[in-house]
1. Test of understanding: among 192, 130, 160, which residue is on the phi > 0 side of the Ramachandran plot, outside any strand (DSSP E or B) and loosely packed, with under 13 Cβ neighbours inside 10 Å?
2. Just checking, does the range 282-291 include any residue being out of contact with any helix residue (DSSP H, G or I) (no Cβ under 6 Å at 6 or more places or on another chain), modelled with pLDDT under 95 and in a loop (DSSP other than H, G, I, E, B)?
3. Based on this model, can you work out whether residue 215 counts as assigned to a strand (DSSP E or B) and touching a strand residue (DSSP E or B) at 6+ places or on another chain (Cβ under 8 Å)?
4. Identify, from the list 142, 76, the residue that is under 21 Å from residue 10 (Cβ atoms) and over 15 Å from the mean Cα position of the chain (by Cα).
5. Mind checking which residues of the range 218-248 are buried (at least 20 other Cβ atoms within 10 Å of the Cβ) and not in a strand (DSSP E or B)?
6. Can you find a residue in the range 296-316 that is closer than 24 Å to residue 45 by Cα, surrounded by 23 or more Cβ atoms within 10 Å (Cβ to Cβ) and touching a helix residue (DSSP H, G or I) at 6+ places or on another chain (Cβ under 9 Å)?
7. Step by step: first the residues of the range 30-49, then only those that are touching a helix residue (DSSP H, G or I) at 6+ places or on another chain (Cβ under 7 Å) and buried (at least 22 other Cβ atoms within 10 Å of the Cβ), then the one that is farthest from residue 99 (Cα to Cα). Which residue is that?
8. Within the range 62-72, how many residues turn out to be in contact with a helix residue (DSSP H, G or I) (Cβ under 9 Å, 6 or more places away or on another chain) and within 18 Å of residue 88 (Cβ to Cβ)?
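The values are calculated or read from the model by the stated rules, or taken from the named source; none is laboratory data. On a predicted model such as this, the values are computed, not experimentally measured, just so you know. Glycine also receives a Cβ, built like all others from the backbone with ideal geometry; neighbour counts cover every protein chain displayed.
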C-alpha cells in the first residue's frame with residue numbers, strides 16, 4: 001500500500017504519520033509539505049516539497065499538477081490531508097484525481113467541506129436538521145439577537161481555526177471592539193463551561209459510521225494540551241447522528257460543550273483532528289479503522305478503549321544533511 005500524507009510539518013499531518021506508525025500497516029509513506037523544515041518530511045520514505053499554493057504566483061492547477069506528479073510517480077493508493085487550507089482543494093479536485101488514478105482521496109464532498117468551513121453555515125445546518133447548537137447571528141441581526149440572548153457572547157471569524165480572531169464579549173462596548181477586529185464575524189451565545197468542552201471524532205464512509213470518540217480537553221491557544229477519555233454514551237450517540245445527517249466521507253472533527261440540556265456543537269472540521277494520535281493512545285486508531293474498511297486489513301484498529309488522560313508535549317529531532325538532500329522539490 002502506498003500512502004501520501006500532506007502537511008506533514010503541521011500538528012495534524014505529523015499526527016497522521018504517528019498514527020500510521022502505531023497501526024502496524026505495511027505501507028510505503030510519501031509525505032508532502034511546503035518547507036524543508038517540516039519535520040514529517042524526515043519521517044517518511046519519500047519526501048516532497050509542493051509549490052506554495054497560497055502564493056499569488058502559484059495557481060490551484062499548478063498545485064494540482066505537482067500533487068498528480070507525486071501520485072503517479074509513487075503509485076499512491078490513498079491521500080490523507082494534513083492541512084486545513086488543503087481540504088477545500090482536495091475536495092475540489094477529488095473526482096478528477098480519482099478518475100485519473102486508482103487512488104482514493106480521503107476527503108468529504110466540496111458541499112460538506114463548505115458547510116463545515118463556514119461557522120455560520122455550520123450553525124444553519126445544525127439548526128435546520130434539529131440539532132441543538134449555540135444560538136448565532138450575523139452582524140446585521142445583532143439588534144434582534146441581543147433582545148433574545150444574554151451576554152456573554154463569542155465573536156469569531158466565519159472561516160478560521162484554533163482561537164485566532166476569537167473574542168469573548170460581555171457588553172456592547174466589548175462587542176464593538178470585537179466586531180472591529182474580527183474579519184467576517186459570526187456571533188454566538190456562550191454555552192456551557194470550559195471544563196465540559198470536548199473534541200470529538202467521527203469516521204464514516206458512504207453513510208456508515210466506522211468509529212467515534214469524544215475526549216474532554218484542556219486548551220492552550222486553541223489547541224488541546226491534555227485530553228481525557230471516559231465513555232459518554234450521550235455525546236457518542238449525538239455525534240454519530242450529526243455525521244450521518246451531514247453525509248461526510250472519512251473523518252470529521254466536532255467541537256462541542258456538554259451543557260445541562262445536552263451536547264451543543266459550535267464547530268465541525270471536515271478533516272482528521274490534531275488529536276488523531278491522542279485517540280490512538282486511548283485505543284482508537286482511526287487510520288487502521290479506515291484501511292481495515294477499504295482493504296480488509298488485519299491491523300490494530302478499535303479497542304479496547306482505555307480511560308485516562310494523555311498529556312501532549314514536544315520533542316526534538318536531529319536531521320542529517322543526507323536526509324535533507326533526499327527532498328524532492330516540485
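1. 130
2. Yes, some residue in the range 282-291 is out of contact with any helix residue (DSSP H, G or I) (no Cβ under 6 Å at 6 or more places or on another chain), modelled with pLDDT under 95 and in a loop (DSSP other than H, G, I, E, B).
3. Against the criterion (assigned to a strand (DSSP E or B) and touching a strand residue (DSSP E or B) at 6+ places or on another chain (Cβ under 8 Å)), residue 215 qualifies.
4. 76
5. Matches in the range 218-248: 235, 238, 239, 242, 243, 246, 248.
6. No, every residue in the range 296-316 fails to be closer than 24 Å to residue 45 by Cα, surrounded by 23 or more Cβ atoms within 10 Å (Cβ to Cβ) and touching a helix residue (DSSP H, G or I) at 6+ places or on another chain (Cβ under 9 Å).
7. 40
8. So the count comes out to 4.
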